[in-house]
Each structure stands twice: as C-alpha cells, then as structure tokens.
Ligand SMILES: Cc1cc2nc3c(=O)[nH]c(=O)nc-3n(C[C@H](O)[C@H](O)[C@H](O)COP(=O)(O)O)c2cc1C
C-alpha cells in the first residue's frame, strides 16, 4: 500500500487545468490501487510563508546551538511540510507555468522543504548529498505555450529544469513530467492537449503496476 501526497499550486479554482488533471490522476490512481491513501495540500489557495531571516538563521544553526525561539520558526511550517513529504511514497504536483517557471507559491514551498540536515547535507569538501530516497514523483504542468524539446521556445522552459534540479538535489530522481501545453492555442489545440495529458496519465498509472512502492 502506497501513500500519495497530492499538491496543487494553481491560484485558480475550477478553471485550473492543472487542478483538473491532478484530480483525474488521483481518481484513476485510486481506481487502480484502491488501498492507497492520499494526503492533500493546496498551495494555490493556502500558500506557505516565504522563508525569512529567522528561518535562515534557524536552519543553518547546528542542533546543539539552536535556541527554542529559533527552533519554533522551523517547527511551525518547514518541519510540518518536510514530515508530510517524507511520509509519502508518491508525490503528485499540479504546477502552472508562470513567467516561464513556477508560481511564487510553489517556489515558497520549495524554499521551505529544501533544508540542510533534513532533505540534504553538505559534506566537508562542499559536495551536496540528497537525504530523500525511494520517492516517485509526477508533475503535471499547465502552460499557455509550447516548450517541449525541439520546439522554438524550448530554451525558455525554466520550469521543468528547475524542478528537476531541485528534486535531484534532495535525492529524488524518479520524476515524470506530464506537460499540458498550448492551452492558449485555441479550442482545438487545448482539447488535443488535454486529451494527450489524459492518455498519458492513464498510461503512466497502468505502467506503475510493477513499480508501485
Ligand atoms: C501570471 C501568469 C503567468 C503566466 N506565464 C506563462 C508563461 O510564462 N508561459 C506560458 O506558456 N503560459 C503562461 N501562463 C499561462 C498559464 O500557464 C496557463 O493559463 C495555465 O493553464 C495555468 O495553469 P492553471 O490552468 O492550472 O491555473 C501564465 C498565466 C498567468 C496567470
């Protein structure tokens, strides 16, 4: 039995394409693996706070030297988010493309969960090591334009490379992106894009049979 963490980050509600597709993903997953459990976090409607000076001071202070006051800044949000993330076997993110990258609420979340001694460590020589393993990650993106490899705008995709790099940093390498592109390209293009994403979701879940944690 696997535990899934489903995270949406669109500030939009029912009109959000990424939300529609993550919802369909979970419905299809539960139909295939009915015993799996799902936790949900809505960054789009309930954003997490930006990290601040106290957060930085607390996260870079050694456990022996930290004061209760500093520690409380981490416990409230960052620890909760990291515990929730580590408790899940599968992470499903719904992420719109905003200004070629991720929405600010998603970046705020990443700043909270990428934390020294919790999700990565830095060795004496300066090399980084991720502390998170055995996670399977699906990222469903929604994009007005088209940025797939071999298209003219591929070089403007700062969303997938950023997420890939950040997940790799914390030790997570099994990442699958489902891009819903060209949503601003007219009714037919949009419909085609949704159909492609839906087919990919069905295919990926069916293929998960032998790989399921
Ligand atoms: C503030 C903002 C910035 C956006 N920036 C981009 C962009 O850089 N590239 C792009 O292809 N689409 C961009 N879009 C379009 C969204 O990616 C698209 O509307 C997508 O469907 C949003 O996800 P959602 O439907 O889940 O809310 C932007 C939309 C907004 C509101």
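Observations on the structure shown:
- The one condition from (1) more than 21 Å from residue 25 (Cβ to Cβ); (2) without any contact (Cβ under 8 Å) to a residue 24 or more places away in the chain that residue 160 does not meet is (1).
- Within this structure, residue 28 passes the test of being away from the ligand (no atom under 15 Å from the Cβ), in contact (Cβ under 8 Å) with a residue 40 or more places away in the chain and part of a helix (DSSP H, G or I).
- The range 89-110: number of residues that are away from the ligand (no atom under 16 Å from the Cβ) and either within 12 Å of the chain's Cα centre (by Cα) or part of a strand (DSSP E or B) (or both): 3
- From 173, 153, 134, 105, residue being farther than 19 Å from residue 7 by Cα and out of contact with any strand residue (DSSP E or B) (no Cβ under 6 Å at 6 or more places or on another chain): 153
- When residues of the range 47-62 are limited to those that are out of contact with any helix residue (DSSP H, G or I) (no Cβ under 9 Å at 6 or more places or on another chain) and assigned to a loop (DSSP other than H, G, I, E, B), the one surrounded by the fewest Cβ atoms within 10 Å (Cβ to Cβ): 62
- For the range 178-195, the condition holds for at least one residue, the condition being that it is surrounded by 11 or more Cβ atoms within 10 Å (Cβ to Cβ), closer than 18 Å to residue 4 by Cβ and either in contact (Cβ under 8 Å) with a residue 24 or more places away in the chain or within 15 Å of the ligand (Cβ to nearest atom) (or both).
- Counting only residues that are out of contact with any helix residue (DSSP H, G or I) (no Cβ under 7 Å at 6 or more places or on another chain) and in contact (Cβ under 8 Å) with a residue 40 or more places away in the chain, the range 65-90 holds 6 of them.
The numbers here are math on the coordinates, done by the rules we state, and not lab data. Predicted model, so just to flag it, every value in this text is computed and none were measured. For neighbour counting, all protein chains shown are included, and Cβ atoms are generated from backbone atoms with ideal geometry for every residue, glycine included.
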